[in-house]
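Note sheet for the following structure.
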Amino acid sequence: MITMEHVCKSYKIAKRNAGFGEACKALFHREYETIHALNDVSFTIRDGEMVGYIGPNGAGKSSTIKILSGILTPDSGTVLVDGRVPHKNRIDHVREIGVVFGQRSQLWWDVPVIDSFSLLKDIYSISDICYQQSLEELTTLLNLSELLRSPARQLSLGQRMRCEIAASLLHRPRILFLDEPTIGLDAVSKLAVRDFILRQNQTHKTTVILTTHDMQDIESLTSRILLIGKGQILMDGSLNDIRTGNESIDATVAELYRTYNI
Amino acid sequence: MKKYLSFFQLRFTMGLQYRTAALAGIITQFAWGGMQIMMYRAFYRTDAAAFPMSLSATSSYVWLQQAFLAFFAVWMMENDIFDSIVNGNISYELCRPISIYNMWFARSMATRLARAVLRCLECPQNMYAFVYAGWRHSGLYSAVFYLCGAVLFYTRRA
């Protein structure tokens, strides 16, 4: 069970104009701007739920995922994931969760993928039997058998993403945070990933929080969506609540953003 | 503890993976060591009594220094770690149930050991050639024997 209550997070960014003169001036006097990434965000997610977390660029989606993973510390508010505070008990917390950051890489670049998997097996202290079972299941479902012996740098983006998703699930986490997992993937890979996540939720009752700009992902996977804009939760409902007539889902969401002025 | 050993093993494997880079590094070190010995030889010819040890001992020291360069090259830091901070991959490292400091320490140590092992595997073979030649001739000749012996040894192994 995930609970966020009145969470706030802001970033201080130094801004200046272009040019050498401005750079020299900035050496002595710097102008800061505070970005309020999260402004009183509260929600609750029950075990086994699949939630889509949507919003325009810069709304605070990735900040929320990072706070829930324990990477960032919120400025104020309480965060509880299965009774633990993520940023306080980082090591105990991350043992139980799986995270996929779509724009980052967790596999070691130069070594075969299976070597990275073996390292994760040791880091998470997975027993040999569990590891073999997980590996077989993931290899079959994500079609990884030909990819495991290649170094990560020689895989295409779609192949690498499939391996990364497998790497995040080797230790069978109960909660899965997906931050844009299908970014840059072709249609076949996207369908494979979607199908896989759905299966994980159905068989292992994994709680999934999915952040994405691809509305087809939301349509096929999630029943509940949380809309965040300018650091605030603006809507907590289902896709049917926002669907109007026969418009495409992207047009519907764009209209939604316009309505809320975000 | 096992986690850190795994990191160590992985980094070690990576260090041995690129053979051309290893060969290039070895050749560079031979060139550098050879240059230093030639310099010392010039000084020794001028006034051998000014030095606390003989030329052959100095040559041994230079070659040992080259073989174990990875250990005391303080400037050689794990660029992987800096890159991961800059491009954000560190988010994944923070999602591992493991102490960050200990993990980075194990990685850095493994990289240095892998490099050092590659270089100094040639040492026992060449100490023989070196001692034999170094006794009979000046440091420069023994360096040439060392060079030939090590190159032959490496190409045979590859």
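The values are calculated or read from the model by the stated rules, or taken from the named source; none is laboratory data. From a predicted model like this one, the values you see are computed outputs, not experimental measurements. Note that we place each Cβ from the backbone using ideal geometry, even for glycine, and neighbour counts take in every protein chain shown. All accessible areas refer to the heavy atoms of the entire protein, side chains included, with ligands and DNA or RNA removed. Shrake-Rupley method; radii C 1.70, N 1.55, O 1.52, S 1.80 Å.
Model label points for B:GLN17 and A:ILE91, set 7 angstrom from Cα along the Cα-to-Cβ axis, are 2.8 nm apart.
Would you rank B:ARG115, A:ARG194 by solvent-accessible area, highest first, keeping every protein chain in place and using a 1.4 Å probe? Intermediate results must be reported in sequence, preceding the final value.
Working: B:ARG115 95, A:ARG194 35 Å².
Largest to smallest exposure gives the sequence B:ARG115, A:ARG194.
Only bridges with both residues in the protein assembly as shown count here: give the DSSP antiparallel percent, nearest 5. Counting DSSP beta bridges with both partners in the protein assembly as shown, the antiparallel share is about 55 percent.
Among the residues of A:105-111, the average count of other protein chain beta-carbon atoms within 10 Å of the residue beta-carbon is 5. Projecting the Cα positions of B:PHE30, B:THR13, B:SER60 onto the charge dipole of the range B:1-93 (unit charges on Cβ atoms of Lys, Arg, Asp and Glu, taken about the Cα centre) puts B:SER60 furthest along the positive direction. Each of B:ARG107, A:ARG95, A:ARG149, A:ARG174 has its accessible area taken with a 1.4 Å probe; listed largest first, they run A:ARG149, A:ARG174, A:ARG95, B:ARG107. Each Lys and Arg Cβ is given +1 and each Asp and Glu Cβ -1; about its Cα centre, the range A:189-262 then shows a dipole of about 240 debye.
State to the nearest 20 debye the size of the charge dipole of chain A about its Cα centre, where the only charges are +1 on K and R beta carbons and -1 on D and E beta carbons. Kindly include the intermediate steps, with their values, before the conclusion.
Details: 29 positive and 31 negative charges, 134 e Å.
The dipole of chain A has a size of about 640 debye.
Our coupling estimate for the range B:85-90, obtained by passing each phi through the Karplus curve with A = 6.51, B = -1.76, C = 1.60 and θ = phi - 60°, is 5, 5, 8, x, 5, 4 Hz, Gly and Pro reported as x. In order along the range B:92-109, the Karplus-derived 3J(HN,Hα) couplings, from 6.51 cos²θ - 1.76 cosθ + 1.60 at θ = phi - 60°, round to 5, 5, 6, 9, 9, x, 7, 5, 4, 4, 5, 5, 5, 5, 4, 5, 5, 5 Hz, and Gly and Pro are given as x.
Calculated [222 nm] ellipticity per residue, helices only, for chain A: -12000 deg cm²/dmol; basis is -39500 (n - 2.57) per DSSP H run with n ≥ 4, divided by all residues, nearest 500.
Between A:SER145 and B:MET35, the distance separating the two model label sites (each 7 Å from Cα on the Cα→Cβ line) works out to 5.5 nm. Coupling constants for the range A:87-95 follow from the phi torsions by the Karplus curve (6.51 cos²θ - 1.76 cosθ + 1.60, θ = phi - 60°), and in residue order they are 6, 8, 10, 4, 5, 5, 5, 6, 5 Hz; glycine and proline get x. Look at the dipole of the range A:83-167 built from charges on Cβ: of A:SER125, A:THR140, A:VAL85, the Cα furthest out on the positive end belongs to A:VAL85. Answer rounded, prolate or oblate for the range A:1-125, using the Cα gyration tensor with square roots of eigenvalues a ≥ b ≥ c: rounded when a/c is under 1.5, else prolate when a/b is larger than b/c, else oblate. Oblate, since a/c reaches 1.5 and b/c is not below a/b.
Distance between the pseudo-spin-label points of A:ARG84 and A:ALA254 (7 Å out from Cα toward the beta carbon): 4.3 nm.
As an exercise, use a Förster radius of 35 Å and the Cβ-Cβ distance of B:GLN65 and B:GLN9 to find the FRET efficiency, rounded to the nearest 0.05. Could the numbers behind the result be given before it?
Working: r = 28 Å, r/R0 = 0.79.
Step by step, r from the Cβ atoms, then E = 0.80.
Computed with a 1.4 Å probe over protein heavy atoms only, the accessible area of A:ILE126 comes to about 20 Å².
The eigenvalues of the Cα gyration tensor, multiplied by 5 and square-rooted, give the range A:95-250 an equivalent ellipsoid with semi-axes of 30, 17, 14 Å from largest to smallest.
Using a probe of 1.4 Å, the accessible surface attributed to B:PHE71 totals some 100 Å² when neighbouring protein chains are kept in position. Per-residue SASA remark: A:TYR257, around 40 Å² accessible (1.4 Å probe; ligands, DNA and RNA not included). State which entries of A:LYS25/A:LYS66; A:LYS25/A:LYS230; A:LYS88/B:LYS3; A:LYS66/B:LYS2; A:LYS190/B:LYS3; A:LYS9/A:LYS190 exceed 25 angstrom in Cα-Cα distance in the structure shown. Listed pairs above 25 Å: A:LYS25/A:LYS66; A:LYS25/A:LYS230; A:LYS66/B:LYS2; A:LYS190/B:LYS3; A:LYS9/A:LYS190.
Against the main long axis of the alpha-carbon atoms of chain A, helix A:187-204 sits at an angle near 80°. With a 1.4 Å probe rolled over the protein heavy atoms of all chains, the accessible area of A:HIS93, A:HIS87 falls in the order A:HIS87, A:HIS93, largest first.
Simple rule: put +1 on each Lys or Arg Cβ and -1 on each Asp or Glu Cβ in chain A, find the dipole, and look at A:LEU157, A:PRO181, A:THR64; the Cα lying farthest toward the positive end is A:THR64.
Charged side chains reduced to their Cβ positions (Lys and Arg at +1, Asp and Glu at -1) give the range A:1-106 a dipole of some 440 debye around its Cα centre. Taking the longest Cα principal axis of chain A as reference, the axis of helix A:249-260 is set at about 30 degrees. Tilt of helix A:113-123 relative to the longest C-alpha principal axis of chain A, in degrees (0 to 90, nearest 10)? In chain A, helix A:113-123 runs at an angle near 80 degrees to the longest axis.
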